[in-house]
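Contents: one structure, followed by commentary.
The values are calculated or read from the model by the stated rules, or taken from the named source; none is laboratory data. Just so we're clear, the structure is a prediction, and the values are computed from it rather than from any experiment. Cβ sites come from the backbone with ideal geometry, for glycine too, and all protein chains shown count toward neighbours.
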Amino acid sequence: MMRSDLDFERPYLAETARRPWRLGAPKRYLAGAFALGFLLCTALITGPVQAATAADLDRDAVQALKTLSKTNHLAADMAEKAVAILVFPNIVKAGLIFGGAYGEGVLLKKGTVVDYYNSVSGSWGFQAGAESFSYVVFLMTKDALDYVSETAGWELGIGPSIVVVDEGAAKNLSSSSLQDDAYAFIFSQQGLMASLSIEGTKISKIKR
């Protein structure tokens, strides 16, 4: 279960799949346009971020966590108490007809990188443009860590309870009142980002 003060922007795929075709457009043309949009979007997103080596990810993840901890005291406190930390230093989100986000990151235990993961999400709808951001998930319980380590992939919102911390939520939380399995912070160089959602994102272990 995922809870957050954010109004999540849910993917449109399930909703639009139930709509009847209108405007008389041949389905094969629309399907071709969707496929082309998906391929272009996938190439745009995955190209740069897949180029990162293990050393790149290690360095960038540590720097991203330091940046967050320096600018948010709650995150700094959680870093001290977390059983493990997932850090995704560079998520690229882009969209044409299909939208998606992709990035790679690390799992830290006591400051040491123990595994590598990717973060994948997708949505459908009329959208354009690209942006990049970082996010960190503090795993506060052993059960949450075991779930991430042992499952084929963690879809955020299913399994361990996770709270996405925005500026509003941060004001109402303290390190002594943490009760959920995991806490996520979405941020950029300018601070926490309230306009993005990671609900439905799938996190899976990869080899590096």
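In summary, A84 fulfils each of the numbered conditions (1) without any contact (Cβ under 8 Å) to a residue 60 or more places away in the chain; (2) small (G, A, S); (3) out of contact with any Gly (no Cβ under 7 Å at 6 or more places or on another chain) with the single exception of condition (1).
Taken over the stretch 177-203, the residue count meeting the criterion of being surrounded by fewer than 17 Cβ atoms within 10 Å (Cβ to Cβ) and at pLDDT below 80 is 6.
For the stretch 101-120, the set of residues classified as surrounded by fewer than 24 Cβ atoms within 10 Å (Cβ to Cβ), out of contact with any Lys or Arg (no Cβ under 7 Å at 6 or more places or on another chain) and either of a type in the set (S, T, N, Q) or part of a strand (DSSP E or B) (or both) consists of L107, L108, K109, T112, V113, V114, N118, S119, listed by residue number. Evaluated against (1) assigned to a helix (DSSP H, G or I); (2) modelled with pLDDT of 90 or more; (3) in contact with a Leu (Cβ under 7 Å, 6 or more places away or on another chain), A170 falls short on exactly one condition, (2).
With the requirement that a residue be of a type in the set (V, I, T), surrounded by fewer than 18 Cβ atoms within 10 Å (Cβ to Cβ) and over 20 Å from I203 (Cα atoms), what does the stretch 68-100 give you?
Of the stretch 68-100, the ones of a type in the set (V, I, T) are 71, 83, 85, 87, 91-92, 97.
From what is left, the residues that are surrounded by fewer than 18 Cβ atoms within 10 Å (Cβ to Cβ) are 71, 83.
Listed by number, the list holds a single entry, T71.
Cβ-Cβ contacts under 6 Å between residues 6 or more apart (or on different chains), taken from a first residue in the stretch 130-155 that is charged (D, E, K, R) to a second residue that is surrounded by 17 or more Cβ atoms within 10 Å (Cβ to Cβ) and not in a strand (DSSP E or B), are listed as K142/V83.
Listed here are the residues, each with its yes/no results for (1) within 23 Å of P160 (Cβ to Cβ); (2) at pLDDT below 85; (3) not in a helix (DSSP H, G or I).
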| position | (1), (2), (3) |
| --- | --- |
| A25 | no, yes, yes |
| A31 | no, yes, no |
| A35 | no, yes, no |
| D58 | no, no, no |
| A61 | yes, no, no |
| L68 | yes, no, no |
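Might you check whether a residue that is under 20 Å from A76 (Cβ atoms), surrounded by fewer than 17 Cβ atoms within 10 Å (Cβ to Cβ) and at pLDDT below 90 occurs anywhere in the stretch 150-167? Yes; the residues of the stretch 150-167 include at least one that is under 20 Å from A76 (Cβ atoms), surrounded by fewer than 17 Cβ atoms within 10 Å (Cβ to Cβ) and at pLDDT below 90.
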